[in-house]
Amino acid sequence: MIQRMTALVLGIITLGILLLSRPAYAETWTRIVTSADGMQEQYIDIDSIQTKNDHVRLKTYWLDVTKPEDVTYAVTEYDCDRHLYRDIELNGKPHPTDWYTLDDDPLNQAVMKYSCSGQYK
């Protein structure tokens, strides 16, 4: 009986350690857009979306489908009213930049439209 209780306690402790060692956040990656030529895709982590006033901040990544191992990850902020964006982080490193227009960036345009419209809710 004592051996069974010991095994049960050790099992519970092991399970607790495993659960505590997992990240405390969820990630739900969703493809938002594919380029017109089908060669590029951009995804966002729905669970990372944060809104404040007219700004949206989220995790995103994009890739060239012919080289899926060359993924670029970013934390991007969108100014929904002014239709601007900036990358806060690139591949896990701080990347403070100025605001940029979305004029020549259809992938980012689609991400901004999706995230600023609240379609993810």
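Counting Lys +1, Arg +1, Asp -1, Glu -1, what net charge surrounds ARG57 among other residues with beta carbon under 13 Å of its beta carbon?
Details: positive: LYS52, LYS59, ARG86; negative: ASP45, ASP47, ASP54, GLU77, ASP79, ASP87, GLU89.
Cβ neighbours under 13 Å give a net charge of -4.
Close amide H partners of ILE32, meaning residues 5 or more places away or on another chain with modelled amide H under 5 Å apart, are GLN42, TYR43, ILE44. In order along region 70-87, the Karplus-derived 3J(HN,Hα) couplings, from 6.51 cos²θ - 1.76 cosθ + 1.60 at θ = phi - 60°, round to 8, 9, 10, 9, 8, 10, 10, 10, 10, 9, 5, 6, 8, 6, 10, 8, 8, 8 Hz, and Gly and Pro are given as x. Computed extension length for LYS93-SER117: 5.8 nm, one decimal, from 0.36 nm per residue of separation with the Cα-Cα distance subtracted.
Applying both filters, DSSP loop and at most 13 other Cβ atoms within 10 Å, to the GluC sites (Glu not before Pro) of region 28-77 gives GLU69. Neighbours of ASN91, meaning other residues whose beta-carbon lies under 12 angstrom from its beta-carbon, give a summed charge of -1 when Lys and Arg score +1 and Asp and Glu score -1.
With a cut-off of at most 12 other beta carbons within 10 Å, and DSSP calling the residue loop, which trypsin sites (Lys or Arg not before Pro) in region 41-88 qualify? Please list them.
Numbers: sites: LYS52, ARG57, LYS59, ARG82, ARG86; in loops: ARG82.
Of the trypsin sites (Lys or Arg not before Pro), the ones in loops of region 41-88 whose Cβ has at most 12 other Cβ atoms within 10 Å are ARG82.
Each value in this text was obtained by applying a stated rule to the coordinates, not by laboratory testing. Just so it is clear, the model here is predicted, and its values are computed rather than measured. Because the Cβ atoms are built from the backbone with ideal geometry, glycine has one as well, and the counts that use them run over all protein chains shown.
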